[in-house]
Each structure stands twice: as C-alpha cells, then as structure tokens.
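In what follows, a structure is listed as structure tokens, so that the remarks can point back to it.
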Amino acid sequence: MQKDSKIYIAGHRGLVGSAVLKKLKEEGYKNLITKTHQELDLINQKAVQEFFKKEKPEVVIFCAAKVGGMLAQLKQRGNFLYENLMMQSNVIHSAYENGCKRLLFIASFCIYPEFAQLPIKENALFQGDLQYNNEPYGIAKIAGVKMCEFYSLQYGLDYLSIAPISVYGAEDRFDFLSSHVQAAIFRKIYLAKLLNEGKYNELLKDLRHYEHISDINAAKAYLKSYNIDENEVILLGTGKVSREFLHCDDLAQACVYFMENTSFKQCLENENGKMKNSQINIGTGELVSIAELAFLIKEIVDFKGKISFENKAQNDGTIKKLSDFNKAKRLGWSGAKIGLKEGLTQMYEAYVSKFL
C-alpha cells in the first residue's frame, strides 16, 4: 500500500471506519474513496459492481457492518446474517473482479466458540458452538474471513482478515437498541448523572438526538423503562463477565500497519499440511469485568448515584474472552497504546462535546 494508492474505505462513518479514515489521513494517504449508505448501498449487488467498475480501487479496507448489541441481535437474527453476508460478499467479489489485489476485512472476536480454550488462538475457529446471542453476526464474519482466505489462495490475492476484541470510541452507536455493552453502559450512567444533577436541558438534547424525546416527564418514564433514574442505574446481567476493550484508534493503527507491511502468505498457518487460519487476532491482553467497566465509567463521568446489576445470568453472554494475539506480535504489530481509563475519558469528552 503506497501513499498514492487509491483506497476505498467501506463503512467510513462507523466506529472503526472513521478511525481508519482519520489514521490514513494522518499518515499522508490522500487518494481516499468514501461513500455514504445513501450514495452506495452495499447490499445492492449491481450498485457495488458498478462502483468498482468505475472507481477500480487498488486497496479496500472493509469496515462496514450491520452492528448491534445483544438485544438487537436477538430481535433481528435474520437481518444480521443476511445484511452482513450480502455487504461483504458483494464488496470482496467485486474487488476481485476489478483487479483489486489488496483488501483488509474487519471481522470480530465473536467468530470464536463460546467455550474456546483461553487465551483464544486463531486455530480455535470451528472448534465449538458460537455464543447464541451473537451467532448470526459471528456466522457472517466467519464467512467473510473464509472468503478472503479462499479468494487469496485461489486467485493469488492479498486479502487479509483481522479479528479484534471489543472495540470502543467516540463514534460508537449509543442508542440502547443497537449499542454494544461498553457504549450502552456509558450512556446509561451518563444520563443518570444528568438526572441526578438536574441538568434537564442537556438530558433532553441527548434524548432528542437518539430517541426524539423532548418532554422531561416522557424522558424520565423512558429512562425508567431501562432501569435508570437519578439515584441508581441497574445494568443487565451479573457484571461478572470479562472482556478486553480496544480503543478504535489502536485498531486503526493495526489496520494501517498490516496493510503496509503484511502479505496474505505471512498470515497463513500450517496445520497438518493444511494452510488455514489466516485471520489475525487483535487484543490487549487485559481482562476487565463488566462491573469494573461500569464503576470506572461511573468515576469518569462523576455519577453520584448507585450502580447495580439485575443478576440474570442469561443476559451475560460468554463468561470470559481473552485473546491470544501472538501472531499479530510475530508479524510486527507493536500493540495497543491507549489504556482503558484514558480511552473512556476521551470518549466521554468527545460525546459531551456533541451536545454543547
């Protein structure tokens, strides 16, 4: 990947895509192509084919996805599978058809089995059942990883895949129906803080933006339905599950590094004569429980009320996920630089600035 390479970033407005776009600009890449969903619907195969035929990007970084938390995935299982399969398949195949030799596919750590041996290595793929709640998204991402692997093997391409652990940052989704765990917890505690301090103007600005609620009584009733009031936030699950959390800027740095320095052949693993497991795990090695995350956010936003959990284990998901990212280190990645407290503080400051 050269500084003048024609690079298409799919999903440039999302959490990961916006960070990748920012990092590429910082590193001096100028020939960048972006398209909003209104300009290019990646589910529309014909539109994607026409786009690639016209633009012929030399490099593709695929960050697009239909994303959401546990509640969204349980309610829209078919949509999560279909839309993600269609978007990634259209882009990967059209890239190949139009001479694009270099592509990076952003997968997810939910591609691995629920009870994989810890720390989870790349060869854990297919070694057990996926976690039920996010099974549709996981299946789609596995298909994307394997499509990149098989196309690279068959056609001599450099189509890489990375599997990052839980990613967070200022451009995350914060609405309760589609947000991931860290974004949902952050916003619940932040809104409780505004209630606690009587900052109703700020509260309504936030709720108008996400839920189109402009009346304070309606706002209080809505928040109560999510177990939020001025004195307490009751969060889903038990708080005992543990995750790694990666700031989006660290992931963006990893994306640019691998596209600049790594070939597909370097990523392949030889298992009993079979070349497979080409994806690269990206993690931090630091496990944090959901309870620890919640209390850290409480400290950062300075909420004076109480944090508790509903203690329903069925809302927990996988109990513990810890990545083995030795392959990434062997390939020269220097690792994450932004600590969790620093990253969450940056996210909080950026989030608040949106509503000033």
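Remarks
- C-alpha center-to-center spacing [region 267-307, region 42-88] in angstrom: 24
- The chain: DSSP helices with Cα axial extent of at least 24 Å and average Kyte-Doolittle hydropathy no lower than -0.5: 77-97, 135-155
- Ordering MET347, SER334, VAL59 by the projection of their Cα atoms onto the charge dipole of the chain, which places +1 on the Cβ of Lys and Arg and -1 on the Cβ of Asp and Glu, puts VAL59 at the extreme positive end.
- Shape call, region 207-311: gyration tensor on alpha carbons, a/c limit 1.5: prolate
- All other residues whose Cβ lies under 11 angstrom from that of ASN227 are scored, Lys and Arg at +1 and Asp and Glu at -1, for a net of -1.
- Each Lys and Arg Cβ is given +1 and each Asp and Glu Cβ -1; about its Cα centre, the chain then shows a dipole of about 440 debye.
- For the chain, with +1 on Lys and Arg beta carbons and -1 on Asp and Glu, the positive-most of LEU235, ALA10, LEU125 along the dipole: ALA10
- Efficiency of FRET from Cβ geometry, SER334 and GLU197, R₀ 51 Å, rounded to 0.05: 0.80
- Spin-label model, LYS75/ASN261: points 7 Å from Cα along the beta carbon direction are separated by 4.3 nm.
- Within the shell of other residues whose beta carbon sits under 13 angstrom from the beta carbon of MET87, the net charge comes to +1, with Lys and Arg scored +1 and Asp and Glu -1.
- Partner lysines for LYS121 [C-alpha distance under 21 Å; skip if fewer than 8 residues away on the same chain]: LYS141, LYS146, LYS265, LYS274, LYS276, LYS320, LYS321, LYS327, LYS329
- Straight-line cross-link partners of LYS193 among the aspartates and glutamates, defined as a Cα under 19 Å from its Cα and at least 8 positions apart when in the same chain: ASP175, GLU202, ASP206, GLU211, ASP215, ASP229, GLU230, GLU232, GLU292, GLU299, ASP302, GLU349.
- For region 1-149, a crude dipole built from +1 on the beta carbon of Lys and Arg and -1 on the beta carbon of Asp and Glu, taken about the Cα centre, is about 420 debye to the nearest 20.
- The chain: most fluctuating residue of GLY28, GLY17, GLY339 per GNM, C-alpha cutoff 10 Å: GLY28
- Rounded to the nearest 20 debye, dipole of region 177-313 from Cβ charges on Lys, Arg, Asp, Glu: 360
- Highest mean packing comes first when the peptides 299-312, 124-137 are listed by Cβ atoms within 10 Å, giving 124-137, 299-312.
- Principal axis extents of the C-alpha atoms in the chain (largest first, rounded to whole Å): 60, 43, 37.
- When you restrict to C-alpha pairs under 8 Å that are six or more residues apart and normalise by the size of the chain, the relative contact order lands at 19 percent.
- Taking a Cβ cut-off of under 10 Å around VAL241, the surrounding Lys, Arg, Asp and Glu residues balance to a net charge of +3, with basic ones at +1 and acidic ones at -1.
- Contact order relative to length of region 236-356, as percent, for alpha carbon pairs under 8 angstrom and 6 or more apart: 44
- Using the rule -39500 (n - 2.57) for each DSSP H run of four or more residues, divided by the residues of the chain, the 222 nm mean residue ellipticity is -14000 deg cm²/dmol.
Laboratory data are not the source of any read-out in this text; all were calculated from the coordinates shown. Nothing here was measured: the structure is a model prediction, and the numbers come from that model. For neighbour counting, all protein chains shown are included, and Cβ atoms are generated from backbone atoms with ideal geometry for every residue, glycine included.
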